[in-house]
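What follows is a set of notes on a single structure, which appears directly below.
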Amino acid sequence: METQSLAPTPAALAAAPAAGALAGAASLLLGGAGGGLQGVGAVLAQAGCGAQFDSWVGTGPNLPISGGEIRRALEASVQAIARSTQRSPERVADALAELLPRLVDALTPAGRLSAAGRLGTLWALAKLFWRGRRGAQ
């Protein structure tokens with residue numbers, strides 16, 4: 001039986017901006033912003049978006065964030081994702097503005113940040129991915 005890779009190809013990422021942004025968001029949450037989920041929160045707080053991040057972690061409604069705010073706070077990451085997906089930084093930032101609140105919310109169901117670290121975040125992302133795949137079938 002042949003094992004099939006679950007990793008998206010560069011061509012697939014370029015063809016699907018949302019998939020590229022999802023991969024980029026996962027990378028951010030696994031440590032690309034210098035500290036995983038906590039690091040993303042710290043960077044967003046320094047950029048004046050701490051209230052939004054806190055709302056995503058909390059159990060109440062998620063406050064929105066704009067693509068412009070994402071781009072200003074996470075410029076280097078947005079640029080790297082844009083290069084790897086061959087999309088404009090604006091499109092990447094807009095996609096991350098849609099994805100990050102939902103991902104952070106889903107990764108913090110108890111309304112608080114976990115000390116589980118990268119492995120725990122990776123495991124939580126994998127569970128979200130598989131749950132979404134089962135629901136789409």
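The values are calculated or read from the model by the stated rules, or taken from the named source; none is laboratory data. Quick caveat: nothing in here was measured; it's all calculated off a predicted structure. A quick note on method: Cβ atoms are made from the backbone with ideal geometry, for glycine too, and the neighbour counts reach across all protein chains shown.
Tabulated data
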{"item": "Output for region 99-113, where each listed residue is within 14 Å of the chain's Cα centre (by Cα) and modelled with pLDDT under 90", "result": "Leu99, Leu100, Arg102, Leu103, Val104, Asp105, Ala106, Leu107, Thr108"}
{"item": "The lone exception for Ala14 - which of (1) out of contact with any Lys or Arg (no Cβ under 8 Å at 6 or more places or on another chain); (2) at pLDDT below 60; (3) farther than 16 Å from Arg102 by Cα it fails", "result": "(1)"}
{"item": "Single unsatisfied condition, Thr59 versus (1) crowded, with 16+ Cβ neighbours inside 10 Å; (2) in contact (Cβ under 8 Å) with a residue 24 or more places away in the chain; (3) not aromatic (Phe, Trp, Tyr)", "result": "(1)"}
